[in-house]
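One structure is given below, encoded as C-alpha cells.
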Amino acid sequence: MMRAVCVDVPGGVEDLLLRTVSRPHLKDGEVLIKVHAAALNRADLLQRRGLYPPPPGESDIIGLEVAGTVHTLGPGVMSPWKPDDRVMALLSGGGYAEYVAVPEQLLMPVPSNLTLCQAAAIPEAWLTAFQLLDFIARVKEGEVVLVHAGASGVGTAAVQLVRLFGAVPIVTAGSAEKLKLAEKLGAATGFNYRTDNFVQGVHEFTQGKGANVILDCIGGSNWEKNVSSLAMDGRWVLYGTMGGRTVEGELLGRLLSKRGHLLTSLLRSRNLQYKADLVAAFSHRVLPHFSAQPASLRPVIDSTFKLEDVSEAHRHMEANRNMGKIVIDVNPQIL
C-alpha cells in the first residue's frame, strides 16, 4: 500500500484527497520508484479540474515528474539500474504518490551535486523546454528566442537552454522580480507584459528584425503581439493556451505576411518511443551540464510543500506567485 493524492470528482483544490491506495503493479520493462519528491505543472491543475485526462492506460493519479530511488525492477528490465539508485523520471501520471511505476527508458540518473528535491524539478519542465527548442523549433546559434512566462518552470529552463545552445533568450513575465530572475539566469532582456509593450521591446532589441523563435504557453490573447514580434520566416511554437483557445482576426493573413511557421506540441500524449528518444537526447546533450564544475545549468525551486499540503501548493501555482518550480516533498526521509 502507499499514500497518494486522488481526485474522485474534478474541481477545486478542496477535491484533492490524500488516502491509502495499492502500489502500482509493474508491467514488463518498468521500474518501481520510491518517490522522494514530485513537482507541479500547469497540466496538474487542468487534470484536477477534469480538463486534461491522462492518456489511455496511464495512472489517473496526478503528477508528471518525480525523483527518488529505485525500489524494484520489473520483468524484462534491460537497463543496469539497481535498488537504491537515485533517479528522476518523466511520467504520464502517478507522481503524487509514494511509489510510481515508470518505463525504464524514461529514467535518468540524478546529478551527484543535486538533491532529490532539486532533481524532481527537472524531468517534465526541462524535457518540455528541450523538446520545444531542439526537436520542434530547431534553434540555431545566434537566433533570438522570445520566451513567454520566463520565470515559470519551463521558462527558467528554456532561458538556460537557449544560452547553452548559443542563442539569445529574451522573456516576458508579470513582475519586475520575475524579470530579474530570468535575467539572472541569462535572459538578455525582459518585458513586463502587464505594463510594457513587449512588441516594441522585441523590435528595439532586435533592431527591427523580430524574434526568430517564440515559445508561447499563452495562446489566444497573445496572437497579434506574437505575430508582430516574429521575424520573417520565424517559428512560433505554441505549447499551452493559458490565454485562451480561440482567435479572432486575420491570424492567417498576418502570419502569411511573415512567412511564419506556427508549430504546436504537447509532451504527455507522445508515445513511449518518442519520449525515450527525447530522454536519451537530453541525457546526452544537456544532463552533464548540471554536474559540471562549475554547473552551467540549475533547476530553479520556488517553494516546497508537504504531501499533506498539496492543496496549498495548487493554490500557490494558481495565484501565479511561483518563480521556478513548486516541489512536493513526498518521502522526506529519503536523502
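Need pairs with beta-carbon distance below 6 Å; first residue touching a residue at least 12 places away in the same chain (Cβ under 8 Å) and within segment 28-56, second part of a strand (DSSP E or B) and surrounded by fewer than 17 Cβ atoms within 10 Å (Cβ to Cβ); sequence gap 6+ or separate chains.
Cβ pairs passing all conditions: 32/72.
So, in segment 6-24, how many residues would count as being within 26 Å of the chain's Cα centre (by Cα), more than 19 Å from residue 87 (Cα to Cα) and either not β-branched (Val, Ile, Thr) or not assigned by TED's automatic domain parsing to the domain that holds residue 59 (or both)?
Total satisfying the criteria: 10.
In segment 38-76, what residues are among the polar types (S, T, N, Q) and touching a His at 6+ places or on another chain (Cβ under 8 Å)?
Narrowing segment 38-76 to residues among the polar types (S, T, N, Q): 41, 47, 59, 69, 72.
Passing the criteria: only 69.
With the requirement that a residue be of a type outside the set (S, T, N, Q) and in a loop (DSSP other than H, G, I, E, B), what does segment 170-186 give you?
174, 186
Per-residue answers, yes or no, for (1) outside the structural domain of residue 307 (by TED's automatic domain parsing); (2) over 30 Å from residue 331 (Cβ atoms); (3) aliphatic (A, V, I, L, M); (4) touching a residue at least 40 places away in the same chain (Cβ under 8 Å):
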position	(1), (2), (3), (4)
132	yes, yes, yes, yes
136	yes, yes, yes, yes
164	yes, yes, yes, yes
174	yes, yes, no, yes
182	yes, yes, yes, no
192	yes, yes, no, no
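Please go through segment 185-225 and pick out each residue that is modelled with pLDDT of 95 or more and of a type in the set (Phe, Trp, Tyr).
Passing the criteria: 191, 205.
May I ask you to say which residue of 88, 108 is of a type in the set (A, V, I, L, M, F, W, C) and more than 30 Å from residue 12 (Cβ to Cβ)? It would help to see each step written out before you state the result.
Working: 88 fails: more than 30 Å from residue 12 (Cβ to Cβ).
The unique qualifying residue is 108.
Which is in a strand (DSSP E or B) and farther than 14 Å from residue 146 by Cα, of 242, 232? Outline the logic, then answer.
On the way: 242 fails: in a strand (DSSP E or B).
Just a single option satisfies the conditions, and that option is 232.
Need pairs with beta-carbon distance below 6 Å; first residue under 14 Å from residue 50 (Cβ atoms) and within segment 1-14, second in a helix (DSSP H, G or I) and among the acidic types (Asp, Glu); sequence gap 6+ or separate chains.
Hits for this filter: 7/15; 9/15.
Return a yes/no flag: does segment 142-153 have any residue that is crowded, with 23+ Cβ neighbours inside 10 Å, at pLDDT below 95 and outside any loop (DSSP other than H, G, I, E, B).
Yes; the residues of segment 142-153 include at least one that is crowded, with 23+ Cβ neighbours inside 10 Å, at pLDDT below 95 and outside any loop (DSSP other than H, G, I, E, B).
Report yes if some residue within segment 187-196 is part of a strand (DSSP E or B) and among the aromatic types (Phe, Trp, Tyr); otherwise report no.
There is at least one residue in segment 187-196 that is part of a strand (DSSP E or B) and among the aromatic types (Phe, Trp, Tyr).
Name the single residue that is nearest to residue 128 (Cα to Cα) among those in segment 257-274 being buried (at least 17 other Cβ atoms within 10 Å of the Cβ) and under 14 Å from the mean Cα position of the chain (by Cα).
Top of the filtered list is 267.
The values are calculated or read from the model by the stated rules, or taken from the named source; none is laboratory data. The structure displayed is predicted, hence computed values, not measured ones. With ideal geometry, Cβ positions are generated from the backbone for all residues, glycine too; neighbour counts draw on all protein chains shown.
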